[in-house]
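Reading through the structure tokens given below for one structure.
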Amino acid sequence: MGLLRLLVLCTLAVSCTTTSVPLKVPSHLPFLLRGCNDADMLAMASSVLQDINNDLKEGYVLSLNRVSAVQEHRQEGLGSLFYFTLDVLDTTCHVLSKKPWWDCEERLLHEQVYGKCKALYYMNMPLRILYLLAYNCTLRPVSRRKIWRMCPDCPSPTNLSDPEVLETATETLASFNKDSESGQYSLVKVTKASNQWMYGLSYFVEYLIKESPCIKTEASSCGYQPTHYGPVGICRGTLRRRFEVKLVNINCDFFQSQAPTPRRRKFTVYQRNKKPTHSPSKDVLSGSVQYLHELDDEESQEMDPAEAFPVHLDLTTNPQGEPLNVSFLFHGPMIKKLFVLPFPKEEQRSAQCPGKASRSNPILLPP
């Protein structure tokens with residue numbers, strides 16, 4: 001009897017320790033090509049882009065222009081990995097606003113930034129898990145030469161270090177503070193700037209603001225005092241000059257205080273899961289966004305499409321795939337690993353891809 005009890009105790013001890021699910025590498029790992037206009041793929045792409053925006057710490061919210069390609073790699077007993085290629089556009093919402101991209105206004109053509117994102121997205125329908133594993137985006141402003149041919153009088157981008165840009169931000173914010181019925185605000189940084197000739201040179205700026213320690217009655221003598229608070233809103237100011245007269249226009253949008261969106265969540269018809277209590281594995285991947293200069297006509301003709309928008313998300317070069325630990329997404333002691341394959345090439349996509357673009361102007365579509 002004592003020997004039996006010892007055996008039971010040993011068995012319980014072993015069962016309570018972390019074990020690993022045996023990895024069975026399939027002999028062939030083909031991708032399932034999915035249609036870019038399929039309703040379920042569009043819904044998932046919307047979720048992918050929202051997760052990308054939630055992860056960004058600076059810049060503007062990106063909106064979905066079209067699904068360029070999507071491939072599915074089914075995992076044995078663990079759902080599917082989706083390889084998305086998305087064409088995206090800039091919006092007027094700053095990422096700190098935490099607004100969903102579908103609630104943001106797209107920019108006018110002459111000030112648009114467009115690009116391409118690749119994302120690796122994990123879905124486990126039985127466990128209702130949707131998770132962005134990795135992403136990479138490359139963005140460029142539209143060609144000023146092409147815009148000039150279409151609209152010679154449209155505003156042109158301006159260097160953010162231009163003294164006139166700082167003057168515009170300073171004077172428009174002073175006007176806002178003067179009319180403010182609450183607190184005072186100070187400049188954090190300018191995020192966009194352009195100018196245009198309209199009966200004189202006009203400047204248009206966008207900049208982040210934060211709460212100032214000054215009160216309105218002492219604003220003129222307070223001067224700049226750094227605070228420990230982050231940006232609370234974004235302002236769009238205009239300074240127009242007509243002869244000796246300065247015309248100022250200012251509009252500010254304040255961010256809503258929101259808790260970070262959990263990366264792991266259930267489908268929208270269910271209540272969201274709580275964030276995992278234990279630390280994610282070191283294998284958890286992250287994302288990045290790179291901003292490149294505009295492409296002029298000569299560069300776009302000479303440059304290979306892959307070089308024009310170098311979006312790389314090759315997590316492995318092994319054609320048979322490599323394991324990725326995603327145990328943090330699951331409850332229980334079992335180690336869960338997915339097989340990650342090299343990102344599919346552009347030609348490996350469905351005949352229904354790329355999908356329909358919300359803005360089909362060729363200037364806004366990456367090659």
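The values are calculated or read from the model by the stated rules, or taken from the named source; none is laboratory data. Note that the coordinates shown come from a computational prediction; the quantities given were computed from them, not determined experimentally. Cβ atoms come from the backbone with ideal geometry, glycine included; neighbour counts cover every protein chain shown. The area values use the complete protein model at the heavy-atom level, side chains included, leaving out ligands, DNA and RNA. Shrake-Rupley method; radii C 1.70, N 1.55, O 1.52, S 1.80 Å.
The residues of segment 178-209 that are open to solvent by less than 20 Å² (accessible area, probe 1.4 Å), farther than 23 Å from Pro141 by Cα and within 32 Å of the chain's Cα centre (by Cα), listed by number, are Gln184, Ser186, Ile209. Is it the case, given these coordinates, that Lys146 is outside any strand (DSSP E or B) and of a type in the set (Lys, Arg)? Taking the combined requirement at face value, the residue satisfies it. Quickly run through segment 114-134 and pick out the residues that are open to solvent by 10 Å² or more (accessible area, probe 1.4 Å) and either of a type in the set (D, E, K, R) or within 20 Å of Phe82 (Cα to Cα) (or both). The answer is Lys116, Lys118, Met123, Met125, Pro126, Leu127, Arg128, Leu130, Tyr131.
For segment 71-124, enumerate the residues that are of a type in the set (Val, Ile, Thr) and under 28 Å from Leu324 (Cα atoms). Residues satisfying the conditions are Thr85, Val88.
Scan segment 326-353 for residues that are within 24 Å of Gly35 (Cβ to Cβ) and not acidic (Asp, Glu) and the total you get is 14. As a summary of the residue check, Arg74 satisfies the conditions (1) open to solvent by 50 Å² or more (accessible area, probe 1.4 Å); (2) on the phi > 0 side of the Ramachandran plot; (3) not β-branched (Val, Ile, Thr) except for the one numbered (2). When segment 148-180 is filtered for residues that are under 23 Å from His110 (Cβ atoms) and of a type in the set (Gly, Ala, Ser), the ones remaining, listed by number, are Ser156, Ser161, Ala169. Here is a check on your reading of the model: is Thr91 part of a strand (DSSP E or B) and either on the phi > 0 side of the Ramachandran plot or without any contact (Cβ under 8 Å) to a residue 40 or more places away in the chain (or both)? For Thr91, the condition - part of a strand (DSSP E or B) and either on the phi > 0 side of the Ramachandran plot or without any contact (Cβ under 8 Å) to a residue 40 or more places away in the chain (or both) - is met. Specify which of the listed residues (Leu173, Leu160) is within 29 Å of the chain's Cα centre (by Cα), at pLDDT 95 or above and surrounded by 14 or more Cβ atoms within 10 Å (Cβ to Cβ). Of the residues listed, the single one that is within 29 Å of the chain's Cα centre (by Cα), at pLDDT 95 or above and surrounded by 14 or more Cβ atoms within 10 Å (Cβ to Cβ) is Leu173.
Take the residues of segment 321-367 that are open to solvent by 60 Å² or more (accessible area, probe 1.4 Å), of a type in the set (D, E, K, R) and touching a residue at least 24 places away in the same chain (Cβ under 8 Å): which is farthest from Leu132 (Cα to Cα)? Filtering segment 321-367 for residues that are open to solvent by 60 Å² or more (accessible area, probe 1.4 Å), of a type in the set (D, E, K, R) and touching a residue at least 24 places away in the same chain (Cβ under 8 Å), the one farthest from Leu132 (Cα to Cα) comes out as Lys356.
Considering only residues that are under 17 Å from Asp179 (Cβ atoms) and either among the aromatic types (Phe, Trp, Tyr) or modelled with pLDDT of 60 or more (or both), which ones fall in segment 208-231? Answer for segment 208-231, where residues must be under 17 Å from Asp179 (Cβ atoms) and either among the aromatic types (Phe, Trp, Tyr) or modelled with pLDDT of 60 or more (or both): Ile209, Glu211, Ser212, Cys214, Ile215, Lys216.
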